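The values are calculated or read from the model by the stated rules, or taken from the named source; none is laboratory data. In this text the structure is predicted, and so the values were computed from the model without any measurement. We place every Cβ from the backbone using ideal geometry, glycine too, and count neighbours over all the protein chains shown. The area values use the complete protein model at the heavy-atom level, side chains included, leaving out ligands, DNA and RNA. Shrake-Rupley method; radii C 1.70, N 1.55, O 1.52, S 1.80 Å.
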Amino acid sequence: MSGDRISGAAVPYLPRGVRLHDDRVRGIRVLLAPERVIQLDPVGHAILSELDGKRSLAEVVLTLCTRYEAPPEQIEGDVQEFLRDLMDRRMVFLEQEPEGAQP
């Protein structure tokens with residue numbers, strides 16, 4: 001999957017058993033999956049906290065652009081790279097795009 005561009009119409013989500021967690025002992029945010037933990041930096045946490053399984057990738061990018069007043073090209077590049085890596089690890093999935101959806 002690495003290197004493939006994710007369509008803006010795709011709906012990314014955390015699969016069953018994968019969740020964001022606040023590690024209060026260490027004061028960090030992590031992504032928990034069966035037998036795996038990934039420590040998140042603020043960018044990773046910002047991206048994952050927007051995944052609700054309902055909004056498209058394009059909507060998530062737009063929300064982050066508005067919140068952080070950053071150019072869409074920069075935000076989209078960061079989101080694409082981050083999500084592709086997590087998809088390769090099977091920690092983020094994509095909802096099937098509706099028939100006839102445009103990227």
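Of the residues V30, Q80, L48, the one whose Cα sits farthest toward the positive end of the charge dipole of the chain, with +1 on the Cβ of Lys and Arg and -1 on the Cβ of Asp and Glu, is V30. Here the contact order of the chain, divided by its residue count and restricted to Cα pairs under 8 Å and six or more residues apart, works out to 40 percent. Among the GluC sites (Glu not before Pro) in region 21-69, those located in a DSSP loop and surrounded by at most 14 other Cβ atoms within 10 Å of their own Cβ are E35, E69.
Between D22 and V43, full extension at 0.36 nm per residue minus the direct alpha carbon distance yields a gain of 6.0 nm.
Of A70, A33, A58, the residue with the greatest mean-square motion in the GNM of the chain, using alpha carbon springs below 10 Å, is A70.
Exposure check, 1.4 Å probe, all protein chains in place: L94 carries approximately 60 Å² of accessible surface. Accessible surface calculations at 1.4 Å, restricted to protein heavy atoms, place region 11-89 at 62 Å² per residue. The angle between the Cα long axis of helix 57-68 and the longest principal axis of the Cα atoms of the chain comes to about 60 degrees, rounded to the nearest 10. Restricting to DSSP loop positions (anything but H, G, I, E, B) with no more than 10 other Cβ atoms inside 10 Å of their own Cβ, which trypsin sites (Lys or Arg not before Pro) remain in region 31-94? Passing both the DSSP loop test and the Cβ count: K54. The angle between the Cα long axis of helix 72-88 and the main principal axis of the chain comes to about 60°, on a 0 to 90 degree scale. For region 1-40, relative contact order (Cα pairs under 8 Å, six or more residues apart, normalised by length) works out to 26 percent. Using Cβ point charges alone (K and R +1, D and E -1), the dipole size of the chain about the Cα centre works out to roughly 500 debye.
Phi angles across region 18-29 convert, under the Karplus curve 6.51 cos²θ - 1.76 cosθ + 1.60 with θ = phi - 60°, into 3J(HN,Hα) values of 10, 7, 6, 9, 9, 7, 5, 5, 8, x, 10, 9 Hz, Gly and Pro given as x. Assuming a ≥ b ≥ c are the square roots of the Cα gyration tensor eigenvalues, decide whether the chain counts as rounded (a/c under 1.5), prolate (otherwise, with a/b larger than b/c) or oblate. In terms of gyration-tensor shape, oblate. A Förster distance of 25 Å, applied to the separation of the beta-carbon atoms of Y13 and Q80, puts the FRET efficiency at 0.95.
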